[in-house]
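Read the structure below first, then the notes.
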Amino acid sequence: MPARYILALDQGTTSSRAILFDRAGAIIASAQRELTQHYPQPGWVEHDANEIWSGQWAVVEQVLAEAGARASDIAAIGITNQRETVVVWDRETSQPIHRAIVWQCRRTAAHCDRIRQDGFERVLRANTGLVADAYFSSTKIVWLLENVPGARDLAARGRLACGTVDSWLVWKLTQGRVHATDVSNASRTQLLSLRSLTWDDEILRYFSIPRSLLPELKPSSGILGETDLLGGHAIPIAGVAGDQQASLFGQRCFIPGAAKNTYGTGCFLLMNTGDHFAVSPPGLLSTVAWQRRGAATYALEGSVFIAGAAVQWLRDELGLIATAHESEEAARSVPDNGGVYFVPALTGLGAPYWNPHARGAILGLTRGSNRNHLIRAALESMAYQTRDVTDCMAQVSGFHPTDLRVDGGAARNDFLLQFQADILGIPIERAPLAECTALGAALLAGLAVGFWKENEIVSSEFASGSDRARQRRFEPLMEPARREELWSGWRRAVAQVLFRGD
Ligand code: ADP
(Lines give C-alpha, C1' and ligand atoms only; values in the text may rest on other atoms or scores of the structure.)
Protein backbone atom coordinates (compact mmCIF):
# COMPACT_ATOMS: atom_id res chain seq x y z
CA MET A 1 0.00 0.00 0.00
CA PRO A 2 1.40 3.45 -0.85
CA ALA A 3 2.34 5.68 2.08
CA ARG A 4 -0.64 7.69 3.30
CA TYR A 5 0.89 10.54 5.23
CA ILE A 6 3.50 13.25 5.40
CA LEU A 7 4.95 13.83 8.86
CA ALA A 8 5.78 17.44 9.73
CA LEU A 9 8.05 18.29 12.63
CA ASP A 10 7.50 21.86 13.83
CA GLN A 11 10.14 22.73 16.37
CA GLY A 12 9.03 26.15 17.70
CA THR A 13 10.43 28.47 20.34
CA THR A 14 8.01 27.45 23.04
CA SER A 15 7.05 23.95 21.94
CA SER A 16 7.73 21.07 19.59
CA ARG A 17 4.93 19.62 17.49
CA ALA A 18 4.52 16.65 15.23
CA ILE A 19 1.66 16.62 12.75
CA LEU A 20 0.48 14.01 10.27
CA PHE A 21 -1.08 15.30 7.07
CA ASP A 22 -3.03 13.16 4.62
CA ARG A 23 -3.33 13.60 0.86
CA ALA A 24 -6.08 16.20 1.20
CA GLY A 25 -3.79 18.31 3.40
CA ALA A 26 -5.97 17.52 6.43
CA ILE A 27 -4.48 16.94 9.86
CA ILE A 28 -4.85 13.32 10.91
CA ALA A 29 -3.16 13.64 14.27
CA SER A 30 -0.96 16.07 16.12
CA ALA A 31 0.98 16.17 19.34
CA GLN A 32 2.75 18.97 21.13
CA ARG A 33 5.15 19.36 24.01
CA GLU A 34 6.35 22.52 25.73
CA LEU A 35 10.02 23.38 25.71
CA THR A 36 11.78 24.73 28.82
CA GLN A 37 13.02 28.32 28.49
CA HIS A 38 16.23 29.18 30.31
CA TYR A 39 17.03 32.79 31.22
CA PRO A 40 20.51 32.70 32.76
CA GLN A 41 20.82 36.50 32.78
CA PRO A 42 18.53 39.41 31.92
CA GLY A 43 18.08 39.44 28.14
CA TRP A 44 19.63 35.99 27.66
CA VAL A 45 17.58 33.04 26.38
CA GLU A 46 18.73 29.43 26.03
CA HIS A 47 17.26 26.01 25.19
CA ASP A 48 18.64 22.62 26.07
CA ALA A 49 19.38 21.06 22.67
CA ASN A 50 18.99 17.55 24.07
CA GLU A 51 15.53 18.51 25.32
CA ILE A 52 14.73 19.95 21.88
CA TRP A 53 15.52 16.57 20.40
CA SER A 54 13.92 14.37 23.07
CA GLY A 55 10.74 16.46 23.09
CA GLN A 56 10.56 16.49 19.31
CA TRP A 57 11.04 12.76 19.12
CA ALA A 58 8.50 12.09 21.88
CA VAL A 59 5.79 13.89 19.91
CA VAL A 60 6.69 11.95 16.76
CA GLU A 61 6.12 8.69 18.62
CA GLN A 62 2.95 10.05 20.18
CA VAL A 63 1.46 11.18 16.88
CA LEU A 64 2.17 7.87 15.17
CA ALA A 65 0.62 5.95 18.06
CA GLU A 66 -2.43 8.20 17.97
CA ALA A 67 -2.95 7.66 14.25
CA GLY A 68 -2.07 3.97 14.49
CA ALA A 69 0.53 4.66 11.79
CA ARG A 70 3.78 2.84 11.05
CA ALA A 71 6.98 3.98 9.36
CA SER A 72 5.74 2.56 6.06
CA ASP A 73 2.73 4.90 6.19
CA ILE A 74 4.99 7.96 6.05
CA ALA A 75 6.00 9.08 2.56
CA ALA A 76 8.38 11.75 3.82
CA ILE A 77 9.29 14.01 6.73
CA GLY A 78 9.25 17.81 6.54
CA ILE A 79 11.00 19.90 9.16
CA THR A 80 10.31 23.47 10.14
CA ASN A 81 11.90 25.19 13.07
CA GLN A 82 12.59 28.26 15.16
CA ARG A 83 15.21 30.12 13.16
CA GLU A 84 18.61 31.65 14.02
CA THR A 85 18.87 29.64 17.26
CA VAL A 86 22.21 27.83 17.18
CA VAL A 87 23.51 24.55 18.50
CA VAL A 88 27.20 23.62 18.50
CA TRP A 89 27.94 19.98 19.17
CA ASP A 90 30.78 17.48 19.20
CA ARG A 91 30.71 15.36 16.06
CA GLU A 92 32.12 12.34 17.92
CA THR A 93 29.77 12.28 20.88
CA SER A 94 26.78 14.16 19.38
CA GLN A 95 26.71 16.12 22.64
CA PRO A 96 26.08 19.88 22.50
CA ILE A 97 28.98 21.86 23.98
CA HIS A 98 26.56 24.38 25.50
CA ARG A 99 22.87 25.09 25.62
CA ALA A 100 21.44 26.40 22.34
CA ILE A 101 21.48 30.19 22.13
CA VAL A 102 17.97 31.23 21.18
CA TRP A 103 17.12 33.82 18.54
CA GLN A 104 15.71 36.13 21.22
CA CYS A 105 18.95 36.15 23.18
CA ARG A 106 20.62 39.57 23.39
CA ARG A 107 24.01 38.51 24.77
CA THR A 108 25.85 39.62 21.66
CA ALA A 109 24.33 43.12 21.45
CA ALA A 110 27.69 44.76 22.32
CA HIS A 111 29.41 42.67 19.63
CA CYS A 112 26.87 43.99 17.13
CA ASP A 113 27.64 47.56 18.23
CA ARG A 114 31.29 46.87 17.38
CA ILE A 115 30.30 45.51 13.96
CA ARG A 116 28.49 48.75 13.24
CA GLN A 117 31.47 50.77 14.48
CA ASP A 118 33.76 48.72 12.22
CA GLY A 119 31.58 49.65 9.27
CA PHE A 120 31.05 45.98 8.51
CA GLU A 121 27.27 46.19 8.72
CA ARG A 122 27.34 47.50 5.15
CA VAL A 123 28.85 44.18 3.96
CA LEU A 124 26.38 42.17 6.02
CA ARG A 125 23.42 44.01 4.55
CA ALA A 126 24.71 43.81 1.02
CA ASN A 127 25.65 40.12 1.12
CA THR A 128 23.21 38.56 3.57
CA GLY A 129 20.22 40.93 3.53
CA LEU A 130 20.42 41.21 7.34
CA VAL A 131 21.34 43.97 9.77
CA ALA A 132 23.95 43.78 12.55
CA ASP A 133 21.76 42.48 15.36
CA ALA A 134 22.12 39.87 18.09
CA TYR A 135 19.06 38.13 16.57
CA PHE A 136 21.09 36.31 13.92
CA SER A 137 23.26 33.21 14.40
CA SER A 138 26.67 34.64 13.42
CA THR A 139 27.54 36.44 16.66
CA LYS A 140 25.95 33.65 18.72
CA ILE A 141 28.35 31.15 17.12
CA VAL A 142 31.28 33.46 17.85
CA TRP A 143 30.13 33.74 21.46
CA LEU A 144 30.07 29.95 21.83
CA LEU A 145 33.51 29.55 20.26
CA GLU A 146 34.95 32.19 22.53
CA ASN A 147 33.23 31.39 25.79
CA VAL A 148 33.02 27.62 25.97
CA PRO A 149 36.40 26.39 27.26
CA GLY A 150 38.30 24.47 24.59
CA ALA A 151 35.76 25.21 21.83
CA ARG A 152 38.15 27.08 19.52
CA ASP A 153 40.64 24.27 19.82
CA LEU A 154 38.07 21.55 19.12
CA ALA A 155 36.75 23.58 16.18
CA ALA A 156 40.26 23.92 14.75
CA ARG A 157 40.58 20.13 14.88
CA GLY A 158 37.31 19.72 12.98
CA ARG A 159 35.58 18.08 15.94
CA LEU A 160 32.69 20.53 16.19
CA ALA A 161 29.56 20.87 14.13
CA CYS A 162 27.29 23.83 14.22
CA GLY A 163 23.83 24.44 12.92
CA THR A 164 20.42 25.95 13.34
CA VAL A 165 17.76 23.72 14.90
CA ASP A 166 16.90 22.02 11.57
CA SER A 167 20.53 20.88 11.27
CA TRP A 168 20.50 19.53 14.79
CA LEU A 169 17.28 17.59 14.15
CA VAL A 170 18.59 16.20 10.85
CA TRP A 171 21.82 15.15 12.59
CA LYS A 172 19.84 13.33 15.30
CA LEU A 173 17.34 11.82 12.86
CA THR A 174 20.14 10.45 10.69
CA GLN A 175 22.25 9.48 13.72
CA GLY A 176 25.09 11.72 12.67
CA ARG A 177 25.20 10.66 9.02
CA VAL A 178 24.02 14.00 7.65
CA HIS A 179 25.13 17.49 8.65
CA ALA A 180 23.01 19.74 6.43
CA THR A 181 20.72 22.75 6.42
CA ASP A 182 18.37 24.25 3.88
CA VAL A 183 19.04 27.66 2.37
CA SER A 184 16.07 29.35 4.07
CA ASN A 185 17.51 28.51 7.49
CA ALA A 186 21.02 29.28 6.28
CA SER A 187 19.86 32.72 5.15
CA ARG A 188 19.20 33.56 8.83
CA THR A 189 22.70 32.75 10.05
CA GLN A 190 24.13 35.92 8.48
CA LEU A 191 26.82 33.73 6.93
CA LEU A 192 25.11 33.00 3.62
CA SER A 193 25.63 34.99 0.46
CA LEU A 194 22.09 35.59 -0.75
CA ARG A 195 23.22 35.96 -4.34
CA SER A 196 25.29 32.81 -4.73
CA LEU A 197 23.54 30.78 -2.00
CA THR A 198 26.91 29.63 -0.67
CA TRP A 199 28.65 30.33 2.66
CA ASP A 200 30.22 33.75 2.39
CA ASP A 201 34.01 33.53 2.85
CA GLU A 202 34.50 37.24 3.53
CA ILE A 203 31.99 37.09 6.39
CA LEU A 204 33.37 33.81 7.75
CA ARG A 205 36.82 35.42 7.83
CA TYR A 206 35.50 38.52 9.57
CA PHE A 207 33.87 36.42 12.31
CA SER A 208 36.72 33.83 12.39
CA ILE A 209 34.19 31.04 11.97
CA PRO A 210 35.83 27.96 10.42
CA ARG A 211 33.96 26.61 7.42
CA SER A 212 34.39 23.07 8.77
CA LEU A 213 31.86 23.95 11.46
CA LEU A 214 29.07 24.62 9.01
CA PRO A 215 26.50 22.25 7.53
CA GLU A 216 26.14 21.39 3.87
CA LEU A 217 23.68 23.63 2.02
CA LYS A 218 20.57 21.99 0.53
CA PRO A 219 17.38 23.09 -1.21
CA SER A 220 14.25 23.46 0.93
CA SER A 221 12.45 20.80 -1.09
CA GLY A 222 14.43 17.66 -1.93
CA ILE A 223 15.73 14.60 -0.13
CA LEU A 224 18.59 15.51 2.20
CA GLY A 225 18.77 12.34 4.25
CA GLU A 226 16.81 9.41 5.59
CA THR A 227 15.87 8.33 9.07
CA ASP A 228 15.54 4.73 10.16
CA LEU A 229 14.72 5.53 13.75
CA LEU A 230 11.16 4.37 13.22
CA GLY A 231 12.11 0.80 12.51
CA GLY A 232 13.36 -0.96 9.43
CA HIS A 233 11.63 1.31 6.95
CA ALA A 234 13.83 4.31 6.07
CA ILE A 235 11.88 7.56 5.66
CA PRO A 236 13.25 10.40 3.52
CA ILE A 237 13.65 13.84 5.07
CA ALA A 238 12.51 15.76 2.03
CA GLY A 239 11.55 19.30 3.11
CA VAL A 240 13.22 21.77 5.45
CA ALA A 241 12.46 25.45 5.97
CA GLY A 242 12.65 28.03 8.73
CA ASP A 243 9.29 28.51 10.44
CA GLN A 244 8.40 31.83 8.82
CA GLN A 245 9.35 30.74 5.35
CA ALA A 246 7.44 27.48 5.86
CA SER A 247 4.37 29.47 6.87
CA LEU A 248 4.72 31.65 3.75
CA PHE A 249 4.75 28.42 1.73
CA GLY A 250 1.91 26.88 3.79
CA GLN A 251 -0.18 30.02 3.21
CA ARG A 252 0.65 29.44 -0.43
CA CYS A 253 2.01 32.94 -0.97
CA PHE A 254 3.55 31.76 -4.23
CA ILE A 255 3.34 34.91 -6.29
CA PRO A 256 5.43 38.06 -5.79
CA GLY A 257 3.55 40.54 -3.57
CA ALA A 258 1.68 37.86 -1.59
CA ALA A 259 2.21 38.35 2.15
CA LYS A 260 1.41 36.73 5.47
CA ASN A 261 1.79 37.60 9.13
CA THR A 262 2.34 34.97 11.82
CA TYR A 263 1.49 35.77 15.44
CA GLY A 264 3.56 33.38 17.56
CA THR A 265 6.22 34.13 20.13
CA GLY A 266 7.22 36.96 17.81
CA CYS A 267 5.38 38.40 14.84
CA PHE A 268 6.74 37.87 11.37
CA LEU A 269 5.45 39.52 8.26
CA LEU A 270 6.89 38.12 5.05
CA MET A 271 6.22 39.12 1.47
CA ASN A 272 7.23 37.03 -1.53
CA THR A 273 9.51 39.15 -3.73
CA GLY A 274 10.13 36.60 -6.47
CA ASP A 275 13.34 35.13 -7.83
CA HIS A 276 15.48 38.22 -7.55
CA PHE A 277 17.51 39.19 -4.48
CA ALA A 278 17.23 42.88 -3.71
CA VAL A 279 19.31 44.44 -0.94
CA SER A 280 16.98 45.02 1.98
CA PRO A 281 15.59 48.50 2.45
CA PRO A 282 16.10 50.24 5.83
CA GLY A 283 14.16 48.65 8.66
CA LEU A 284 13.47 45.39 6.84
CA LEU A 285 15.34 42.20 6.00
CA SER A 286 15.85 40.27 2.79
CA THR A 287 15.77 36.54 3.12
CA VAL A 288 15.54 33.33 1.12
CA ALA A 289 11.94 32.16 1.13
CA TRP A 290 12.76 28.70 -0.26
CA GLN A 291 14.74 26.92 -2.92
CA ARG A 292 13.10 24.23 -4.99
CA ARG A 293 13.48 22.77 -8.45
CA GLY A 294 16.83 24.54 -8.74
CA ALA A 295 15.48 28.06 -8.22
CA ALA A 296 15.41 30.32 -5.19
CA THR A 297 12.51 32.55 -4.18
CA TYR A 298 13.22 35.55 -1.96
CA ALA A 299 11.17 37.45 0.59
CA LEU A 300 11.14 40.75 2.37
CA GLU A 301 10.64 40.35 6.10
CA GLY A 302 9.65 42.44 9.08
CA SER A 303 10.56 40.59 12.28
CA VAL A 304 9.00 41.63 15.57
CA PHE A 305 10.60 39.88 18.53
CA ILE A 306 7.88 39.93 21.15
CA ALA A 307 4.25 39.33 20.18
CA GLY A 308 2.50 36.34 21.82
CA ALA A 309 5.46 36.27 24.20
CA ALA A 310 4.06 39.44 25.78
CA VAL A 311 0.95 37.46 26.70
CA GLN A 312 3.12 34.65 27.95
CA TRP A 313 5.00 37.17 30.08
CA LEU A 314 1.73 38.41 31.63
CA ARG A 315 0.91 34.78 32.37
CA ASP A 316 4.25 33.49 33.64
CA GLU A 317 6.00 36.46 35.17
CA LEU A 318 3.11 38.66 36.37
CA GLY A 319 0.53 35.90 36.93
CA LEU A 320 -2.22 38.18 35.54
CA ILE A 321 -3.79 35.36 33.54
CA ALA A 322 -3.72 31.60 33.85
CA THR A 323 -3.84 30.89 30.10
CA ALA A 324 -3.11 32.91 26.96
CA HIS A 325 -6.70 32.24 25.89
CA GLU A 326 -8.06 34.25 28.87
CA SER A 327 -6.46 37.38 27.44
CA GLU A 328 -9.30 37.76 24.95
CA GLU A 329 -12.06 37.97 27.54
CA ALA A 330 -10.00 40.33 29.70
CA ALA A 331 -9.36 42.65 26.76
CA ARG A 332 -13.03 42.72 25.81
CA SER A 333 -14.08 43.53 29.36
CA VAL A 334 -12.83 47.11 29.01
CA PRO A 335 -14.13 49.49 26.32
CA ASP A 336 -10.64 50.57 25.26
CA ASN A 337 -7.03 50.66 26.39
CA GLY A 338 -7.75 53.47 28.86
CA GLY A 339 -4.68 55.25 27.49
CA VAL A 340 -2.37 52.35 28.48
CA TYR A 341 0.32 51.26 26.03
CA PHE A 342 2.66 48.34 26.50
CA VAL A 343 5.81 48.47 24.37
CA PRO A 344 7.07 44.90 24.74
CA ALA A 345 10.73 45.58 23.98
CA LEU A 346 11.60 42.70 26.32
CA THR A 347 14.46 41.61 24.07
CA GLY A 348 15.16 44.93 22.38
CA LEU A 349 13.15 46.05 19.37
CA GLY A 350 13.30 44.39 15.96
CA ALA A 351 11.76 45.69 12.73
CA PRO A 352 11.67 48.46 11.84
CA TYR A 353 13.67 49.99 14.75
CA TRP A 354 16.48 47.47 15.29
CA ASN A 355 17.39 48.76 18.69
CA PRO A 356 18.89 45.95 20.78
CA HIS A 357 19.20 48.15 23.85
CA ALA A 358 15.57 49.22 24.09
CA ARG A 359 13.73 47.69 27.03
CA GLY A 360 10.01 47.19 27.62
CA ALA A 361 7.75 49.81 29.13
CA ILE A 362 4.15 50.23 30.20
CA LEU A 363 3.02 53.80 29.71
CA GLY A 364 -0.05 55.92 30.35
CA LEU A 365 -0.99 54.39 33.72
CA THR A 366 -3.56 56.23 35.83
CA ARG A 367 -5.46 55.43 39.03
CA GLY A 368 -8.18 53.93 36.83
CA SER A 369 -5.85 51.51 35.02
CA ASN A 370 -6.38 47.88 35.86
CA ARG A 371 -5.31 44.38 34.93
CA ASN A 372 -7.58 44.28 31.91
CA HIS A 373 -6.14 47.45 30.43
CA LEU A 374 -2.68 45.97 30.69
CA ILE A 375 -3.76 42.70 29.06
CA ARG A 376 -5.53 44.64 26.33
CA ALA A 377 -2.42 46.75 25.82
CA ALA A 378 -0.35 43.57 25.36
CA LEU A 379 -2.69 42.29 22.65
CA GLU A 380 -2.89 45.68 20.99
CA SER A 381 0.91 45.89 20.93
CA MET A 382 0.99 42.99 18.44
CA ALA A 383 -1.28 44.93 16.10
CA TYR A 384 0.68 48.17 16.47
CA GLN A 385 3.99 46.45 15.85
CA THR A 386 2.52 44.85 12.73
CA ARG A 387 1.47 48.27 11.50
CA ASP A 388 4.99 49.55 12.14
CA VAL A 389 6.17 46.87 9.70
CA THR A 390 3.48 47.35 7.04
CA ASP A 391 3.99 51.12 7.11
CA CYS A 392 7.72 50.56 6.63
CA MET A 393 7.12 48.09 3.78
CA ALA A 394 4.76 50.55 2.13
CA GLN A 395 7.30 53.36 2.42
CA VAL A 396 10.30 51.46 1.13
CA SER A 397 8.80 49.06 -1.37
CA GLY A 398 5.62 50.85 -2.36
CA PHE A 399 3.79 47.70 -1.30
CA HIS A 400 0.38 48.46 0.20
CA PRO A 401 -1.27 45.20 1.15
CA THR A 402 -4.97 45.07 0.36
CA ASP A 403 -5.47 42.29 2.87
CA LEU A 404 -3.29 40.16 5.09
CA ARG A 405 -3.24 36.40 5.57
CA VAL A 406 -2.55 35.46 9.17
CA ASP A 407 -1.72 32.41 11.25
CA GLY A 408 0.14 31.41 14.44
CA GLY A 409 -0.91 30.63 18.01
CA ALA A 410 -2.08 34.13 18.90
CA ALA A 411 -4.13 34.41 15.69
CA ARG A 412 -6.73 32.35 17.54
CA ASN A 413 -7.58 35.55 19.34
CA ASP A 414 -10.56 37.19 17.57
CA PHE A 415 -10.14 40.40 19.55
CA LEU A 416 -6.58 40.73 18.32
CA LEU A 417 -7.47 40.17 14.67
CA GLN A 418 -10.41 42.59 14.76
CA PHE A 419 -8.14 45.19 16.34
CA GLN A 420 -5.51 44.42 13.70
CA ALA A 421 -8.02 45.01 10.90
CA ASP A 422 -9.03 48.27 12.60
CA ILE A 423 -5.49 49.54 13.07
CA LEU A 424 -4.36 48.62 9.55
CA GLY A 425 -7.62 49.60 7.89
CA ILE A 426 -7.57 46.44 5.74
CA PRO A 427 -9.29 43.05 6.06
CA ILE A 428 -7.48 40.27 7.89
CA GLU A 429 -7.89 36.75 6.50
CA ARG A 430 -7.38 33.91 8.97
CA ALA A 431 -6.44 30.61 7.35
CA PRO A 432 -8.71 27.63 8.04
CA LEU A 433 -5.71 25.73 9.22
CA ALA A 434 -3.92 26.82 12.38
CA GLU A 435 -0.80 24.94 11.41
CA CYS A 436 0.30 26.79 8.26
CA THR A 437 3.94 26.47 9.33
CA ALA A 438 3.75 22.70 9.65
CA LEU A 439 1.72 22.50 6.44
CA GLY A 440 4.45 24.43 4.63
CA ALA A 441 7.09 21.94 5.77
CA ALA A 442 4.82 19.06 4.79
CA LEU A 443 4.21 20.58 1.35
CA LEU A 444 7.92 21.09 0.69
CA ALA A 445 8.54 17.44 1.60
CA GLY A 446 5.46 16.07 -0.15
CA LEU A 447 6.19 17.88 -3.42
CA ALA A 448 9.77 16.60 -3.37
CA VAL A 449 8.71 12.95 -3.21
CA GLY A 450 5.71 13.28 -5.55
CA PHE A 451 3.16 12.78 -2.76
CA TRP A 452 1.42 15.93 -4.05
CA LYS A 453 1.41 17.66 -7.40
CA GLU A 454 1.74 21.43 -7.81
CA ASN A 455 -1.78 21.94 -9.11
CA GLU A 456 -3.35 20.00 -6.22
CA ILE A 457 -1.96 22.20 -3.47
CA VAL A 458 -3.04 25.53 -4.93
CA SER A 459 -6.70 24.56 -5.08
CA SER A 460 -8.87 26.32 -2.50
CA GLU A 461 -10.22 22.96 -1.39
CA PHE A 462 -6.78 21.73 -0.40
CA ALA A 463 -6.13 21.76 3.37
CA SER A 464 -9.40 23.57 3.92
CA GLY A 465 -11.29 20.80 5.66
CA SER A 466 -9.51 21.02 8.97
CA ASP A 467 -11.35 23.74 10.80
CA ARG A 468 -13.98 25.71 8.93
CA ALA A 469 -14.92 27.66 12.06
CA ARG A 470 -11.41 29.01 12.23
CA GLN A 471 -11.47 30.47 8.74
CA ARG A 472 -12.64 34.03 9.09
CA ARG A 473 -12.26 37.43 7.54
CA PHE A 474 -12.10 40.45 9.86
CA GLU A 475 -13.21 43.72 8.24
CA PRO A 476 -11.98 47.08 9.56
CA LEU A 477 -14.72 48.80 11.54
CA MET A 478 -12.96 51.58 13.39
CA GLU A 479 -13.44 55.24 12.51
CA PRO A 480 -10.27 56.54 10.81
CA ALA A 481 -9.97 59.41 13.33
CA ARG A 482 -10.01 56.98 16.26
CA ARG A 483 -7.47 54.77 14.49
CA GLU A 484 -5.06 57.64 14.05
CA GLU A 485 -5.56 58.77 17.66
CA LEU A 486 -4.63 55.32 18.98
CA TRP A 487 -1.80 55.05 16.50
CA SER A 488 -0.24 58.33 17.56
CA GLY A 489 -0.42 57.13 21.18
CA TRP A 490 1.62 54.09 20.18
CA ARG A 491 4.13 56.21 18.28
CA ARG A 492 4.65 58.36 21.37
CA ALA A 493 5.08 55.28 23.57
CA VAL A 494 7.69 53.75 21.23
CA ALA A 495 9.57 57.04 21.01
CA GLN A 496 9.99 56.99 24.80
CA VAL A 497 11.34 53.45 24.79
CA LEU A 498 13.78 54.24 21.99
CA PHE A 499 14.89 57.38 23.78
CA ARG A 500 15.56 55.46 26.98
CA GLY A 501 17.30 52.65 25.16
CA ASP A 502 19.89 54.84 23.49
P1 ADP B 1 5.76 29.54 18.54
O2 ADP B 1 5.61 28.70 17.32
O3 ADP B 1 6.53 30.81 18.33
O4 ADP B 1 6.24 28.79 19.75
P5 ADP B 1 2.83 29.62 18.59
O6 ADP B 1 2.44 29.90 17.18
O7 ADP B 1 2.56 28.29 19.17
O8 ADP B 1 4.31 30.11 18.92
O9 ADP B 1 2.04 30.68 19.49
C10 ADP B 1 2.25 30.70 20.85
C11 ADP B 1 2.22 32.13 21.33
O12 ADP B 1 0.91 32.65 21.11
C13 ADP B 1 2.50 32.23 22.80
O14 ADP B 1 3.41 33.30 23.01
C15 ADP B 1 1.14 32.55 23.44
O16 ADP B 1 1.29 33.44 24.52
C17 ADP B 1 0.37 33.18 22.31
N18 ADP B 1 -1.06 32.83 22.33
C19 ADP B 1 -1.60 31.60 22.23
N20 ADP B 1 -2.95 31.65 22.29
C21 ADP B 1 -3.27 32.95 22.42
C22 ADP B 1 -4.50 33.68 22.54
N23 ADP B 1 -5.68 33.05 22.51
N24 ADP B 1 -4.42 35.02 22.64
C25 ADP B 1 -3.23 35.65 22.65
N26 ADP B 1 -2.05 35.04 22.56
C27 ADP B 1 -2.06 33.71 22.45
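The values are calculated or read from the model by the stated rules, or taken from the named source; none is laboratory data. Predicted, not measured: the structure shown is a model, and the values here were computed from it. Cβ: placed from backbone, ideal geometry, glycine included. Neighbour counts: every protein chain shown. Ligands, DNA and RNA are stripped out before the accessible areas are found, and what is left, the full protein with its side chains, is counted by its heavy atoms. Shrake-Rupley method; radii C 1.70, N 1.55, O 1.52, S 1.80 Å.
Worth a mention:
- Surface share of carbon and sulfur [accessible, 1.4 angstrom probe, percent] for the chain: 49 percent
- Descending Cα extents along the principal axes, the stretch 1-116, whole Å: 58, 31, 23
- When only Cα pairs below 8 angstrom with a gap of at least 6 residues are kept, the chain shows a relative contact order of 15 percent.
- Highest to lowest packing among 243-250, 278-285, 316-323, scored as the average C-beta count within 10 Å: 243-250, 278-285, 316-323
- For the chain, the solvent-accessible area with a 1.4 angstrom probe is 36 square angstrom per residue.
- Amide hydrogen neighbours beyond the local backbone of His357, cut-off 5 Å, H modeled: Leu349
- Under the Karplus curve 6.51 cos²θ - 1.76 cosθ + 1.60, θ = phi - 60°, whole-Hz ³J(HN,Hα) for the stretch 157-166, x wherever Gly or Pro sits: 8, x, 7, 9, 10, 9, x, 6, 4, 4
- Descending semi-axes in whole angstrom, ellipsoid equivalent of the chain, from the Cα gyration tensor: 33, 28, 21
- Distances between placed amide hydrogens fall under 5 Å for Lys218 paired with Thr181, Asp182, Val183, all partners being 5 or more residues away or on another chain.
- Calculation over all alpha carbon pairs of the stretch 68-227 in 10 angstrom steps from 0 returns a P(r) of 11, 40, 34, 11, 3, 0 percent.
- Lys pairs, the chain - Cα-Cα below 27 angstrom, 8 or more residues apart or on other chains: 6
- Scanning residues 5 or more positions from Leu346 or on other chains, those with amide H under 5 Å from its amide H are Gly360, with H placed 1.01 Å from N in the peptide plane.
- For the stretch 221-281, averaging the sequence separation of C-alpha pairs within contact (under 8 Å, six or more residues apart) and dividing by the residue count gives a relative contact order of 22 percent.
- The stretch 303-320 and the stretch 257-293 have Cα centres separated by 24 Å.
- Remark: relative contact order (the stretch 5-244) = 20 percent; criterion is Cα-Cα distance under 8 angstrom and separation of 6 or more residues.
- With the largest listed first and rounded to whole Å, the semi-axes of the equivalent ellipsoid of the stretch 50-129 from the Cα gyration tensor are 38, 16, 12.
- Maximal additional length on extending the Asp336-Asp48 stretch stands at 99.6 nm, based on 0.36 nm per residue less the C-alpha distance.
- Across the stretch 474-480, rounded Karplus estimates of 3J(HN,Hα) from the backbone phi angles (6.51 cos²θ - 1.76 cosθ + 1.60, θ = phi - 60°) give 9, 8, x, 10, 6, 4, x Hz, Gly and Pro being marked x.
- Phi to ³J(HN,Hα) by Karplus 6.51 cos²θ - 1.76 cosθ + 1.60 over the stretch 400-416, Hz, x for Gly, Pro: 10, x, 9, 7, 9, 8, 10, 7, x, x, 7, 6, 5, 7, 5, 4, 4
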